[in-house]
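Here's the structure we're looking at; comments come further down.
The values are calculated or read from the model by the stated rules, or taken from the named source; none is laboratory data. Just so we're clear, the structure is a prediction, and the values are computed from it rather than from any experiment. All Cβ positions, glycine included, derive from the backbone under ideal geometry; neighbour counts span all protein chains shown. When the accessible area is computed, the model is the full protein with side chains, heavy atoms only, and any ligands, DNA or RNA have been set aside. Shrake-Rupley method; radii C 1.70, N 1.55, O 1.52, S 1.80 Å.
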Amino acid sequence: MSNNNYEKLGVFYLGKRYDISNKKTSNDELILYDSKDLTTHAVCVGMTGSGKTGLGIVVLEEAIIDGIPAIIIDPKGDMGNMLLTFPDMTGENFEAWINPADASDKGSIKEHAKQEAEKWKKGLAEWNQDGARIKRLRESADFVIYTPGSNSGIPVSILKSFEIPPKEIMQDSETLRDKISSIATSLLSLVGIDANPIESREHILISSIIEYSWKNGKNLDIPSIIQYIQLPPVSKIGVLDTETFFPAKERFSLITSLNNLLASSGFSAWMEGDSLDIQNLLYGTKGKSKVSIFSISHLNDKERMFFVSLLLNQLLGWLRSQSGTTSLRAILYMDEIFGYFPPVANPPSKTPLLTLLKQARAFGLGIILATQNPVDLDYKGLSNTGTWFIGRLQTEKDKERVLDGLEGASQTLGKSFERKEIDKILSALDKRIFVMSNAHEDGLEIFQTRMAMSYLRGPLIRDQIKVLMDPLRKSHESLESQPETVSSASSSDRTNRKEKTNSKLLKSDISGNTDFNQPGQRPTIPPNISQYFIPIKNNDSDMENMVYHPYILGGASLTFSDKQVGLELVKDVLFVTPVTNDAVSVDWQNAQEIGLKFSEISKDPATENSLFVHPPSVINKIEKYDDWKKDFKAWLSQNSKLTLYKDPLTQSLSRAGESEKDFRLRIGQKVRENRDESAEKLRKKYAPRLAAIQEKINRAKQKMNQENDQVKQQNVQTAISIGTSLLGAFMGRRRTSSFARGIGRSMKERKDVQYAKESLESLNQQLLNVQSEFDSEVASLNTKTNQQDALETVLFKPNKNDISVKLLSLVWYPLGQDSFSK
């Protein structure tokens, strides 16, 4: 394809239109699928050998080139083929991936590899693709194969799945309940307990433990769950005492089963590796798109269900923390849905998947579900799916089940459904021929899939995955830089900042202060001196080991204003600094920012029996606080700054506390939305002009027919074609009845038809002019949705008048007792 400008329109090149009657592919009519349509999800159904996996990879390849990241669940091992992309397409590229059995009748592996390379090169050329496009695919994303419970690929840790979910989930009681239930069911299934959420004591107890812990701010892991089963943190379950509901002796069997699971040699692999952090699974350093393939073919059925359920719940939690969008943001692809979304049973995977299908559209997450087992699907749950890809089916039962599902989806969307006609089409499908029903388009499309750029060699075994991942294994953990900022950060960032502050404070305060002595009871402070307490983590061991140390707390509101760039930002900051009886009792040069909000500072200690270090005497002199307040404001004036990122393309500024990665993602998504809006405007702009040209062509053809009737001796045949025109493919995919599907390119010289010929040639030129105009507008579209350009940094400082000190007081900071021995 000489002109790849269609990639700037946010459409995916899937293949070419197929004439089912003549069994022939049209070289002139491209099938371009709007990326926005995928936000209403897709189902791909086809028997083994239908080309279903190939079509799935084609869709993913197009999305990746468009800067869309993907999470791929791969139960069979085929999706790792997406890493087998060779821009040079030489035999040496293919040689390591040839199946020896396939090469046995080809002479040698080397010879067979050479033949495969030639076949792939020729095949791609037939679909107007080349090594340059393969190179672009490879460079558009980072590809990683994760292997849960195994070290053959990049290992993945499940520990994050038991952590407190985002506040959006915690505040939604129904979603929280579903997540807890799914985790409990998945965990119990690993130890052979098929738990009913309503009747199973094991399920109810574990769910109660998870809910109690999360609502009390405590993360969990399997060891802590075992401990809580042994000593439940809740005294009642329902109206019954916990001991009556589930006696300790009977709980011991559950404890033993979970402990044996934890102690098994293979389970340790589940606790190591990258965490299930969806943001990091979708985006790499500086926001580059990532393709995370979870290969689970090596797991047994229970382990697969356990992991898939955890991953889907993590996706749901991530989804709820995203902003809404009208454009495609990311893709979840499941290569085989069989067993995870059945029509009657309710496995742990079904509820989160059903919730994702209902809610993901608003957040730009497109879900693609593929299966070769169409009978065992919950078609009611799929009734709102916007796109159906249907390939060759194995049995009449399969076909009838798919027709039922497709008919239900059509009725939900208010579209007509010709069952007999579609039945006839499905019965005539060959390999790589698919029927597409798209809720956003009229009618059906029958097409042949283009050739995949990835080398489809079949399932990868663990040794092959290891070969692919070994280079990445050494370097895949990379730190991401963030700009310094005085703004508040996320809850996890605040926790990390507090831990760092603790470490710095230990090095800078008590070791050289003779006024600090061994801890004792809370000292008496004059009532006109306010006191605050830094909160302790909600952990019993923390409270037992912590001692309160005296510091000076300064809190202020800083206003950063710049009319030229439209900046008007107010941020609250909190700092603590040591206090001594030295000549300079409070030196703000030693201050450390704490990542807390004003509302998070407590007026009471954690417990009545808390221990305190006696403060220096200067702390009781009220007149000193005014001096310290003035010094604090002066210090802020000299040292406060706000460093933001600036995108030179859009002139947009990052938000305070926003990392480079998150800024790139936010701007990239906005650019994508603008691109999609511009593409839609182009369709509306050119449709009337094309309709007018079509009408003129129709009249010219009528005139031509009249002349042909007068010259019966001549069989004048007019070839009207637009070739591979981008304009034709882009507008034609809408199936607009008024669109010209052909232009006159050659006609036989006849005096009687000369006028008609000149008329058609004129129309031909008009269409070429429109095509040139359209290409020019397409070229100007901004497609930098996955920005890799360097960002600028802009420094802002507040004026002294823009600093308002809100708080200056004594604060008690909790530090470990072991600080006395350091």
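From Lys800, Lys822, grab the single residue that is among the basic types (Lys, Arg), at pLDDT 70 or above and over 30 Å from His440 (Cβ atoms).
Lys800
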* **Condition check for Pro148: free of Cβ contacts under 8 Å to residues at least 60 places away in the same chain and either outside any helix (DSSP H, G or I) or of a type in the set (Val, Ile, Thr) (or both)** => no
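Results for (1) assigned to a helix (DSSP H, G or I); (2) open to solvent by 50 Å² or more (accessible area, probe 1.4 Å); (3) of a type outside the set (Asp, Glu), shown as yes or no for each residue.
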| position | (1), (2), (3) |
| --- | --- |
| His203 | yes, no, yes |
| Ser208 | yes, no, yes |
| Glu211 | yes, yes, no |
| Trp214 | yes, no, yes |
| Leu220 | no, no, yes |
| Pro232 | no, no, yes |
* To do: Among the residues of region 259-299, write down those that are under 19 Å from the mean Cα position of the chain (by Cα) and charged (D, E, K, R).
  => Asp274, Asp277, Lys286, Lys288, Lys290
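Here's the yes/no breakdown for (1) open to solvent by less than 20 Å² (accessible area, probe 1.4 Å); (2) modelled with pLDDT of 80 or more; (3) of a type in the set (Val, Ile, Thr):
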position	(1), (2), (3)
Ile667	yes, yes, yes
Val671	yes, yes, yes
Lys712	no, no, no
Gln717	no, no, no
Arg741	no, no, no
Gly744	yes, no, no
* Residues Glu421, Glu400: which one is open to solvent by 20 Å² or more (accessible area, probe 1.4 Å), out of contact with any Asp or Glu (no Cβ under 9 Å at 6 or more places or on another chain), among the acidic types (Asp, Glu) and outside any strand (DSSP E or B)? -> Glu421
* To do: Can you confirm whether region 483-490 contains a residue that is under 24 Å from the mean Cα position of the chain (by Cα), at pLDDT below 50, assigned to a loop (DSSP other than H, G, I, E, B) and within 30 Å of Met79 (Cβ to Cβ)?
  => no
* Asked: Under 8 Å by Cβ, and 6 or more places apart or on different chains, what pairs join a residue from region 459-475 that is open to solvent by less than 90 Å² (accessible area, probe 1.4 Å) with one that is among the basic types (Lys, Arg)?
  -> Pro459/Lys76
* Asked: Any residue in region 616-631 that is closer than 24 Å to Pro523 by Cα and assigned to a loop (DSSP other than H, G, I, E, B)?
  -> yes
* To do: Working only within region 578-615, note down all residues that are assigned to a helix (DSSP H, G or I) and open to solvent by less than 80 Å² (accessible area, probe 1.4 Å).
  => Trp588, Asn590, Phe598, Glu600
* Residues in region 353-366: is at least one farther than 23 Å from Lys36 by Cβ and either open to solvent by less than 10 Å² (accessible area, probe 1.4 Å) or basic (Lys, Arg) (or both)? -> no
* Structure fact -> By residue number, the members of region 234-256 that are loosely packed, with under 13 Cβ neighbours inside 10 Å and polar (S, T, N, Q) are Ser235, Thr244, Ser253, Thr256
* Asked: Do any residues in region 761-778 that are in contact (Cβ under 8 Å) with a residue 24 or more places away in the chain and farther than 13 Å from Leu690 by Cα have Cβ atoms under 9 Å from those of residues that are open to solvent by less than 70 Å² (accessible area, probe 1.4 Å) and charged (D, E, K, R), where the two are at least six apart or on different chains, and which pairs are they?
  -> Val778/Lys8
* Asked: So which residues in region 385-421 are over 15 Å from Cys44 (Cβ atoms) and at pLDDT below 80, if there are any at all?
  -> Gly408, Ser410, Gln411, Thr412, Leu413, Gly414, Lys415, Ser416, Phe417
* Kindly indicate whether Phe94 is touching a residue at least 60 places away in the same chain (Cβ under 8 Å), outside any loop (DSSP other than H, G, I, E, B) and of a type outside the set (Ser, Thr, Tyr). => yes
* If you go through region 369-379 one residue at a time, how many are touching a Gly at 6+ places or on another chain (Cβ under 7 Å) and open to solvent by 10 Å² or more (accessible area, probe 1.4 Å)? -> 2
* Checklist (1) assigned to a strand (DSSP E or B); (2) within 30 Å of Lys36 (Cβ to Cβ); (3) open to solvent by less than 10 Å² (accessible area, probe 1.4 Å) applied to Lys646, failing item -> (3)
* Number of positions in region 257-267 that are small (Gly, Ala, Ser), part of a helix (DSSP H, G or I) and open to solvent by less than 60 Å² (accessible area, probe 1.4 Å) -> 1
* To do: Could you please let me know if Leu653 is modelled with pLDDT of 90 or more and aliphatic (A, V, I, L, M)?
  => no
* Output yes when any residue across region 120-140 is part of a helix (DSSP H, G or I), in contact with a strand residue (DSSP E or B) (Cβ under 7 Å, 6 or more places away or on another chain) and under 28 Å from Lys290 (Cα atoms), and no when none is. => no
* **Pairs, first farther than 17 Å from Lys288 by Cα and among the charged types (D, E, K, R) in region 648-671, second in a loop (DSSP other than H, G, I, E, B) and modelled with pLDDT under 85, C-beta under 9 Å, six or more apart** => Arg655/Ser487
* Across region 96-126, which residue is nearest to Val467 (Cα to Cα) among those that are more than 30 Å from the chain's Cα centre (by Cα), open to solvent by less than 70 Å² (accessible area, probe 1.4 Å) and not aliphatic (A, V, I, L, M)? -> Asn99
* **region 78-91: number of residues that are over 28 Å from Ser349 (Cβ atoms) and outside any loop (DSSP other than H, G, I, E, B)** => 1
